[in-house]
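Engineer: First the structure, then my questions, so here it is.
The values are calculated or read from the model by the stated rules, or taken from the named source; none is laboratory data. As the structure is a prediction and not an experimental result, all values here were calculated from the model. In this analysis, Cβ positions are derived from the backbone assuming ideal geometry, glycine residues included, and neighbour counts consider all displayed protein chains.
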Amino acid sequence: MIEVEDIYFTYPNGVEALKGVSLTIRNGEFVAIMGQNGAGKTTLVKHFNGLLRPNKGKVLVDGVETTKVSVATLSRNVGFVFQNPDHQLFSETVEQEIAFGLRNFGFKENVIKRRVTWALNLLGLAQYRKTSPFMLSGGERKRVALASVLAWNPKILILDEPTIGQDYQQKEKLRQFILQMKAQRKTTLIVTHDVEFVAECNPRVLLMQDGKIVADGEAIRVLTDPDVLTQASIVPPQVSQIFLQLSDIEAPKNVIDIYEARKILLNILEKRPNERF
Amino acid sequence: MSVFDGLRFRKVYSPIHNLDPRIKFVYVCAIFVVAIIFWELLPLMVLFVMQIPIVLLAGVKRQWLRSMRGAAFLAAIIFLTNFIVAFIGAGYTVTAKSLENAAAMTMRFVVLVESFSVFFLTTSPDHLGLALEQTHVPYEFCFAFTTAVRFVPVLAEEAQTIMDAQKARGLELERGSFLKRIRNYIPILIPLIVSAIRRSLELAEAMESRAWGTAKKRTNLYVLRMHKGDLVLAAITAGILATAIYIHLYIPIPSLHELLGSLL
Amino acid sequence: MAVIETKNLTYTYPGGTKPSIRDVSIKIGKGEFALITGPSGCGKTTLCRCFNGLIPHFYQGELKGEISVAELNVTEHQIYELAKHVGLVFQNPENQLFALSVEKDVAFGLENLGVPREEMRKRVDWALNLTGIYDLRERAPYELSGGQQQRVAIASVLAMQPEVIVLDEPTSFLDPLSAKKIFEVIHELNRRLGVTVVLVEHRLDLTARYADHIVIMDEGKIVLDGGPREILNSEEARLIGVGIPKATRLYQMLEKDGMKLGNTIPLSSDELATLLKEVLKA
């Protein structure tokens, strides 16, 4: 679905953001792209909808080279939800905001009406249909931005730092939502530095450092590898931090889920001869 | 846009950069006055050439050339306008006099761009802000000035992000009729304006929280002090002004074509 | 002795239909490191703005109840007077920095207060050193990373030498590593200088270990108020839906399964690992 062939990218101000990146993302995959600020994560994903074109190498989305088509054409299939919803909201009502993308892509009015209703319901925004998006809270505005992208049903969904500013419950809802997308076999990419969130979702993780990919694999393996994490300046998830410190005890290393951790610890504690009550 | 490029400050260090901006500004104003005094081409050319050593001393040759190039278009318009008017006035004939006059007007403009460009290229915005403060411009204006400059790169980046975000929703900024294209900028302008308003609110909160508005008189971490170099520049400025006024009043200036004629 | 004290504080924003905070009564002692948390919209940001006078002086609206900070009645003193005693660091690093160089920004508050130049120079350098950004003092804010910018914001508040520093989700826009560094700086200030710290945060896994006092709010009211270990280990805290440190959760879960790991409730993975090692060694 997305193929990146050894791309290099330098910003006009001279910053080398990507230094030889290659990867393949298949249909229906759920991938988290992680790394420190400045590692190149957002730069990389901006190549997937044509906002950036590589200086060297090729990017193919759905078999089409990104340099050959416009951003608008690519966006029909690659829905990019930006970090700050306030960079996108401008309409008088939430309804119009969601219809914006649909109109740009030339959908018919009756289809637009249906899709808007669907998107409103999917993200629990039905009661705000006629509300001005500027009147909503931060979390609600984020949902409007997401709804406006989902409305045109792109094959690939990219979320740039979706967890910033969200509290615990909002992140839970987001996690449920992403799992829903996964179940519908929609290719989902999230760019994030929120290790806890990634640990709870357990996607494929692409770890970037200094314009290169330094790790690519299951979250459960990448996020428990202390060397790779130090190299990329990533704080390990809390659960794996615990197990990293139990290295001298016979405990498995690759644990990021709290319920797994509980099972394992219970096992270890019960095996001991004298237990506390 | 390259005209504006020539006005942007670069962090280079040269003796010109270290001069007190107030003196530099007085110098630029003096050049302005001298340029206005003379209508003849010769002194204006002298004025132009006289400032080139300053450009070289300040090490801003490349950016300065860029601003000169940017001004070239306007300069050409000024030349043509003046020439055409003179042309018609002289009865539809080309005279050396009308050519020279047009050239003189153009040179006046070029001299102004040259000196202002050097000023802005060698004066950092904080230096400027400080100069404003010390010349007793009310602090609110100085603050507005430096804060505006401080946020220029931030706003520029934000505008780019907003454009990217809306392009990713299918907005086409390069196609369509003229009217449609203007309408397509609404999804860019509104988030930009809303963001600016929100930003102002947050800034106001931060300002208040740092004791803005305390009744007493405001002090400053920095102070601009005059050095030897500044006094030298002040003397040079006075000298230029005095010489110019003297020449203008007492010495007749030949026109260029007369001068060339007598030499050949 | 309480450096912040509120009694039945209730506030409604102008044009608001219901109060954003209701009947809030808290006491924060001198030198404490207090952590305030709760779901989005619970009123923690509103409460912060009451501490330095932005509410009611900047926001107007209706404020009922009593509030005193550094023994000053907030409603009777202007924001610029309170600024000498309470510093407020906001969420967005970019929108707190005005000047074109770091040290000019740190000096901003002092300039407003009319502090003489020599004294200002000393305090600015002192604040820059404490926050570890002395080498950045001549840089422009635009060139700095988010974490560096927040340290500048903290330094500029610190330079005014307030008794209390309030920080409203200062690491929202930062990555976890930068966030950690910021919390370490704040902890140092609290420990070395005795500055009272009030920190509003969601990232309890990184901050609970520093706190002496934790307050959990929900829907404008104080729901839990006390020591971090007991509060975060409680069922109520879990039901409100705050980000309880996973170490604490595991301790809780294991206790329910019949495994009590000791009497000190862990707040960080280090503490839990230590507990486990002790239990397994014995």
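Engineer: In the stretch C:136-187, what count of residues is obtained for those that are out of contact with any Phe, Trp or Tyr (no Cβ under 8 Å at 6 or more places or on another chain), of a type in the set (Gly, Ala, Ser) and at pLDDT below 95?
Structural biologist: 6
Engineer: Does the stretch B:167-179 include one or more residues that are of a type in the set (Ser, Thr, Tyr) and within 14 Å of chain A (Cβ to nearest Cβ)?
Structural biologist: The answer is no, given that none of the residues of the stretch B:167-179 is of a type in the set (Ser, Thr, Tyr) and within 14 Å of chain A (Cβ to nearest Cβ).
Engineer: Only one residue in A:Ser233, A:Ser247 is more than 15 Å from the chain's Cα centre (by Cα), within 14 Å of chain C (Cβ to nearest Cβ) and in contact (Cβ under 8 Å) with a residue 24 or more places away in the chain, so which one is that?
Structural biologist: Within the list A:Ser233, A:Ser247, the selection yields A:Ser233.
Engineer: In a helix (DSSP H, G or I) and among the β-branched types (Val, Ile, Thr): which single residue out of B:Val111, B:Val137 fits that description? Full working, then the answer.
Structural biologist: Values: B:Val137 fails: in a helix (DSSP H, G or I).
Answer to the selection: B:Val111.
Engineer: Being over 19 Å from C:Arg139 (Cβ atoms) and part of a loop (DSSP other than H, G, I, E, B) is the filter here, so list the residues in the stretch C:95-122 that pass it.
Structural biologist: C:Gly114, C:Val115, C:Pro116
Engineer: Now, a different point. Can you pull out the residues in the stretch A:124-168 that are over 17 Å from A:Leu89 (Cβ atoms), out of contact with any Leu (no Cβ under 9 Å at 6 or more places or on another chain) and among the small types (Gly, Ala, Ser)?
Structural biologist: Of everything in the stretch A:124-168, just one residue is over 17 Å from A:Leu89 (Cβ atoms), out of contact with any Leu (no Cβ under 9 Å at 6 or more places or on another chain) and among the small types (Gly, Ala, Ser), namely A:Gly124.
Engineer: Scan the stretch A:74-97 and give yes if some residue there is of a type in the set (A, V, I, L, M, F, W, C), away from chain B (no Cβ under 14 Å) and closer than 24 Å to A:Tyr8 by Cβ, otherwise no.
Structural biologist: no
Engineer: Please go through the stretch C:132-154 and pick out each residue that is under 14 Å from C:Ile186 (Cβ atoms) and among the small types (Gly, Ala, Ser).
Structural biologist: Scanning the stretch C:132-154 gives C:Gly132, C:Gly147, C:Ala153.
Engineer: Here's another thing I want to ask about it. Being assigned to a strand (DSSP E or B) and modelled with pLDDT of 90 or more is true for just one of A:Leu146, A:Leu207. Which residue is that?
Structural biologist: After applying the criteria, what remains is A:Leu207.
Engineer: If you don't mind, there's one more thing I want to ask. Any idea which of C:Leu224, C:Leu177, C:Leu199 is more than 27 Å from C:Lys7 (Cα to Cα), in the same structural domain as C:Leu35 (by TED's automatic domain parsing) and of a type outside the set (Phe, Trp, Tyr)?
Structural biologist: Going through C:Leu224, C:Leu177, C:Leu199 in turn, just one is more than 27 Å from C:Lys7 (Cα to Cα), in the same structural domain as C:Leu35 (by TED's automatic domain parsing) and of a type outside the set (Phe, Trp, Tyr): C:Leu177.
Engineer: Next question. Taking the condition assigned to a helix (DSSP H, G or I) and closer than 30 Å to C:Gly38 by Cβ, does A:Val235 pass? Before the answer, list the steps.
Structural biologist: Details: assigned to a helix (DSSP H, G or I): no; closer than 30 Å to C:Gly38 by Cβ: yes.
For A:Val235, the condition - assigned to a helix (DSSP H, G or I) and closer than 30 Å to C:Gly38 by Cβ - is not met.
Engineer: Same structure again: Cβ-Cβ below 6 Å, separation at least six or inter-chain, first residue in the stretch C:39-58 and within 14 Å of chain A (Cβ to nearest Cβ), second in a helix (DSSP H, G or I): which pairs?
Structural biologist: Correct list of pairs: C:Pro39/A:Gln169; C:Ser40/A:Gly139.
Engineer: Checking the structure you have, find out if any residue of the stretch A:185-197 is at the interface with another protein chain (Cβ under 9 Å from one of its Cβ atoms) and not in a loop (DSSP other than H, G, I, E, B).
Structural biologist: yes
Engineer: For the stretch C:121-137, give me each residue that is within 11 Å of chain B (Cβ to nearest Cβ) and either under 21 Å from C:Ser178 (Cα atoms) or surrounded by 22 or more Cβ atoms within 10 Å (Cβ to Cβ) (or both).
Structural biologist: Hits for the stretch C:121-137 are C:Val124, C:Arg137.
Engineer: Return the residue satisfying two criteria in turn: it lies in the stretch B:94-122 and is β-branched (Val, Ile, Thr) and at pLDDT 85 or above, and of such residues it is farthest from C:Ala99 (Cα to Cα).
Structural biologist: B:Thr106
Engineer: Here is a further query. What's the number of the only condition in (1) at the interface with another protein chain (Cβ under 8 Å from one of its Cβ atoms); (2) under 20 Å from C:Val195 (Cα atoms); (3) among the β-branched types (Val, Ile, Thr) that C:Val115 fails to meet?
Structural biologist: (2)
Engineer: Against the definition (at pLDDT below 95, in the same structural domain as A:Asp62 (by TED's automatic domain parsing) and either surrounded by fewer than 22 Cβ atoms within 10 Å (Cβ to Cβ) or more than 21 Å from the chain's Cα centre (by Cα) (or both)), how does A:Glu109 come out, yes or no? So that I can check it myself, show each step before the final result.
Structural biologist: Details: at pLDDT below 95: yes; in the same structural domain as A:Asp62 (by TED's automatic domain parsing): no; either surrounded by fewer than 22 Cβ atoms within 10 Å (Cβ to Cβ) or more than 21 Å from the chain's Cα centre (by Cα) (or both): yes.
No; evaluated as a whole, the condition is false for this residue.
Engineer: Which one of C:Glu143, C:Glu169 is over 14 Å from the mean Cα position of the chain (by Cα), among the acidic types (Asp, Glu) and within 13 Å of chain A (Cβ to nearest Cβ)?
Structural biologist: The conditions single out C:Glu143.
Engineer: Among the strands (runs of 3 or more DSSP E) confined wholly to the stretch C:1-82, which include 2 or more residues that are farther than 30 Å from C:Leu110 by Cβ?
Structural biologist: C:2-12, C:21-24, C:62-69
Engineer: Now for a separate question. Could you run through the stretch C:259-282 and say how many residues are facing chain A (nearest Cβ under 7 Å) and of a type in the set (Ser, Thr, Tyr)?
Structural biologist: Matching residues across the stretch C:259-282 total 1.
Engineer: Output the qualifying pairs, or none if there are none: Cβ atoms under 6 angstrom, residues six or more apart or on different chains, first residue in the stretch A:57-85 and loosely packed, with under 14 Cβ neighbours inside 10 Å, second residue charged (D, E, K, R) and assigned to a loop (DSSP other than H, G, I, E, B).
Structural biologist: Note: pairs meeting the criteria are A:Thr67/A:Arg53.
Engineer: Now, a different point. For the stretch C:245-267, how many residues meet the condition of being of a type outside the set (A, V, I, L, M) and either buried (at least 22 other Cβ atoms within 10 Å of the Cβ) or in a helix (DSSP H, G or I) (or both)?
Structural biologist: Going through the stretch C:245-267 one residue at a time, the tally reaches 9.
Engineer: Would you check if A:Gly14 is in a loop (DSSP other than H, G, I, E, B) and not assigned by TED's automatic domain parsing to the domain that holds A:Arg143?
Structural biologist: Yes.
Engineer: Across the stretch C:69-112, which residue is nearest to the other protein chains (Cβ to nearest Cβ) among those that are small (Gly, Ala, Ser) and in contact with a strand residue (DSSP E or B) (Cβ under 7 Å, 6 or more places away or on another chain)?
Structural biologist: Applying the filter and picking the extreme gives C:Gly87.
Engineer: If you don't mind, there's one more thing I want to ask. Being touching a residue at least 12 places away in the same chain (Cβ under 8 Å), within 14 Å of chain C (Cβ to nearest Cβ) and either of a type in the set (Phe, Trp, Tyr) or touching a strand residue (DSSP E or B) at 6+ places or on another chain (Cβ under 7 Å) (or both) is the filter here, so list the residues in the stretch A:135-168 that pass it.
Structural biologist: Once the filter is applied, which keeps residues that are touching a residue at least 12 places away in the same chain (Cβ under 8 Å), within 14 Å of chain C (Cβ to nearest Cβ) and either of a type in the set (Phe, Trp, Tyr) or touching a strand residue (DSSP E or B) at 6+ places or on another chain (Cβ under 7 Å) (or both), the stretch A:135-168 yields A:Asp160, A:Glu161, A:Pro162.
Engineer: Now a separate question. Pull out all pairs, ordered by first then second residue, where Cβ-Cβ is under 6 Å, the residues are six or more apart or on different chains, the first lies in the stretch B:141-165 and is within 12 Å of chain A (Cβ to nearest Cβ), and the second is part of a helix (DSSP H, G or I) and of a type in the set (Ser, Thr, Tyr).
Structural biologist: Listed pairs, sorted by first residue: B:Pro153/C:Tyr142.
Engineer: With (1) out of contact with any Gly (no Cβ under 8 Å at 6 or more places or on another chain); (2) not assigned by TED's automatic domain parsing to the domain that holds C:Thr46 as the list, and C:Ala211 as the residue in question, which single condition is left unmet?
Structural biologist: Unmet for C:Ala211, out of (1) out of contact with any Gly (no Cβ under 8 Å at 6 or more places or on another chain); (2) not assigned by TED's automatic domain parsing to the domain that holds C:Thr46: (2).
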